[in-house]
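Here is the structure we will look at.
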Amino acid sequence: MYEAAVFYAFGAVLLVSALAVITARNPVHGVLFLVLAFFTASAIWLLLRAEFLAIALVVVYVGAVMVLFLFVVMMLDINLERVREGFWRNLPLALVVGGVMVVEMVLVLAGKYFDIVATRPAPFPPGYSNTRALGRLLYTDYCYAFEIAAVVLLVAIIAAISLTLRRRKDSRYQDPAEQVRARREERVRLVSMPAERDA
Amino acid sequence: MREWWIDKADWLQGQGTWGPMVYATAMALAGIIAIVAPLFACVAYLTLWERKLIGWIQIRIGPNRVGPLGLLQPVADGVKLLMKEIIVPSSANKGLYILAPIVMLMPALAAWAVIPFAPEVVLADINAGLLYIMALSSLGVYGVIVAGWASNSKYAFLGAMRSAAQMVSYELAMGFALVVVLMVSGSLKLSDIVVSQGRGLFASMGLNFLSWNWLPLLPILVVYFVSGVAETNRAPFDVVEGESEIVAGHMIEYSGMAFALFFLAEYMNMILISTLTVVMFFGGWQPPIDTYLFAEVPPFKFGLFWLFVKTFVVVSMFLWLRATFPRYRYDQIMRLGWKIFIPITIVWIVVVGIWMQTPWSLWR
């Protein structure tokens, strides 16, 4: 009862903010609504007692990815008229992708519809830690898959960096170790001069 | 009086479906007020303590005009800020401009829900407490970015860009440092982390303070604390505000209470990071040595007393840093975060992991 009320409240916020992401006129508002959508989705996961996944969503997406995203959107001078121009041309492709997603969602939801009792999570024993259970699975049963995913990500990181890294010849660089090593004798020269006399 | 309350609480819990809900909500609200109200008082007096301490460090007197020893200075400052007009720049994005300080303050307050003040004295002792703290501390950056963007001012935007890069960078080092703490205590629950520090060879000899995490994890403590200073945008990492270059960064257009909220959030975050340092590395509510005096005699027997004393010392370190060091250059801040702290913490995760597998492991 109480859970249902909370779920519908979060669900409503999630839907409204997800809609606002694509309808907002200002791209920065759109990104901020996306942040709200992520945050609400993580709250709904918390209701499912998936606390590790919920908080990881906030830490990774809200805390890091979306910050950089927001950063880029704020820096870009986005011309809304030019973005709108492609609307009708891209519409058929968008409809196909959207249709596929709707079909997939229906399949997932209808599959669970027939045994809806089993979808409720069983109450956990006291002292049960979601994070511990997930960690145990990832590092034992699915260790190879997990490590392969990690290596794929690492390759992607290196590729992204090497594709975008530009070395500028005129960028100035200081070696902090050299700065720390600097001694007074190298920089200052004491000169003994005779006192000036009035002419 | 006490019986009357218990009687009323029992009556409320017996009222159908809604009774227990109302009861739970009321209890949670009471807990929140019991935490937040003293916290605001601490923030107010931290500002005074900062000015006093920095004054003494620099051989000045500090504020001494309002009230005895300047003790009413925070009240005077608060009243002044409340009476000032909140100016909204004409081309600012009004909604976001007003929202930004609130976004800044909210996570700084919400994080206190999982802080254990004494054994069993915690608002929500959740299993994923440490993760919750990490999630909330990663939200603070939005306040700064949104403020910088919504003000529609170049200085504010520069401050926002600096802070976005700086806070995201140092969050990584902080997260890795917390991973080490989580490894040695084997739990994400903050109260378990505190309890796990009270065990060990030295603790069994009565010298609890040598068993706390700060000694075996000293490099991690340093990384965590310095990252904490950078994360809260305090001196010497305060390029976000950088009075001498970008005037006040993201807060430049704010006045009155809107500015005060940023100010509150900054000090609240400072106290929060200090409390977390104490919880993770200095044994939280535990007394430093095991004696009759600290176990039985008030005020020493209260966990809150020790948490307060330790947090006070760590907060004073923040102020000491500010009074001592000149501001870091921006490229050096980035270098320190990415090229020094993150490698150190990653190496230490491996070192501590191997250490825990050897017979000389301290954490069993």
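Some values worked out for this structure:
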| item | result |
| --- | --- |
| Size of the range A:1-78 as Cα extents on the principal axes (Å, biggest first) | 47, 25, 11 |
| Most fluctuating residue given options B:Gly353, B:Gly148, B:Gly283, as computed from a GNM of chain B linking Cα atoms under 10 Å | B:Gly353 |
| Cα-Cα over 31 Å, subset of B:Lys94/B:Lys310; B:Lys52/B:Lys94; B:Lys80/B:Lys154; B:Lys154/B:Lys310 | B:Lys94/B:Lys310; B:Lys52/B:Lys94; B:Lys154/B:Lys310 |
| Translational diffusion of the range B:16-86, µm² s⁻¹ [Kirkwood Rh, Cα pairs; Stokes-Einstein; 4 °C; 1.567 mPa s] | 87 µm²/s |
| Relative contact order for the range B:26-85, counting Cα pairs under 8 Å that sit 6 or more residues apart, in percent | 22 percent |
| Gyration tensor over alpha-carbon atoms, the range B:158-232, equivalent ellipsoid semi-axes in Å | 31, 12, 9 |
| Distance histogram for chain B (every C-alpha pair counted, 20 angstrom bins, percent rounded to whole numbers) | 26, 56, 18, 0 |
| From the C-alpha gyration tensor of the range B:17-136, square roots of 5λ in Å | 33, 23, 16 |
| Exposure proxy ranking, count of Cβ atoms within 10 Å, fewest first, for A:Phe69, B:Phe281, B:Phe209 | A:Phe69, B:Phe209, B:Phe281 |
| Per-pair calculated FRET efficiency, R0 = 56 Å: B:Ala323 and B:Ser90 via Cβ, rounded to 0.05 | 0.90 |
| Sorted by Cβ neighbour density within 10 Å, fewest at the top, the residues B:Ser191, A:Ser192, B:Ser227 | A:Ser192, B:Ser191, B:Ser227 |
| Whole-number percent relative contact order across chain B, with pairs defined as alpha carbons under 8 Å at least 6 apart | 20 percent |
| Cα-based helix-to-principal-axis angle, A:130-139 vs chain A, degrees rounded to 10 | 80 degrees |
| For the protein assembly as shown, alpha-carbon Rg over 2.2 N^0.38 Å | 1.10 |
| Given charges at Cβ of Lys, Arg, Asp, Glu: the protein assembly as shown dipole, positive-most of B:Val223, B:Phe176, B:Pro74 | B:Val223 |
| Most fluctuating residue given options B:Leu276, B:Leu130, B:Leu82, as computed from a GNM of chain B linking Cα atoms under 10 Å | B:Leu82 |
| Positive-end residue of A:Val16, A:Ala150, A:Leu137, charge dipole of chain A with Cβ unit charges | A:Ala150 |
| For chain A, the fraction of alpha-carbon pairs in successive 5 Å shells from zero, as % | 1, 5, 6, 9, 12, 13, 13, 9, 7, 5, 3, 3, 3, 2, 2, 2, 1, 1, 1, 0, 0, 0, 0 |
| Dimensionless Rg over Rh [the range B:307-349; C-alpha; Kirkwood] | 1.13 |
| Least to most buried among A:Tyr61, B:Tyr224, B:Tyr45 (fewest other Cβ within 10 Å first) | B:Tyr45, A:Tyr61, B:Tyr224 |
| Reachable lysines, given that their alpha-carbon falls under 24 Å from the alpha-carbon of A:Lys169 and they are not under 8 places away in the same chain | B:Lys339 |
| Residue of B:Ser137, B:Ser91, B:Ser163 that the Gaussian network model of chain B assigns the largest fluctuation, springs spanning Cα pairs under 10 Å | B:Ser91 |
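Throughout, read-outs are computed from the coordinates displayed, never taken from laboratory work. On a predicted model such as this, the values are computed, not experimentally measured, just so you know. Note that each Cβ is placed from the backbone with ideal geometry, even for glycine, and that neighbours are counted across all protein chains shown.
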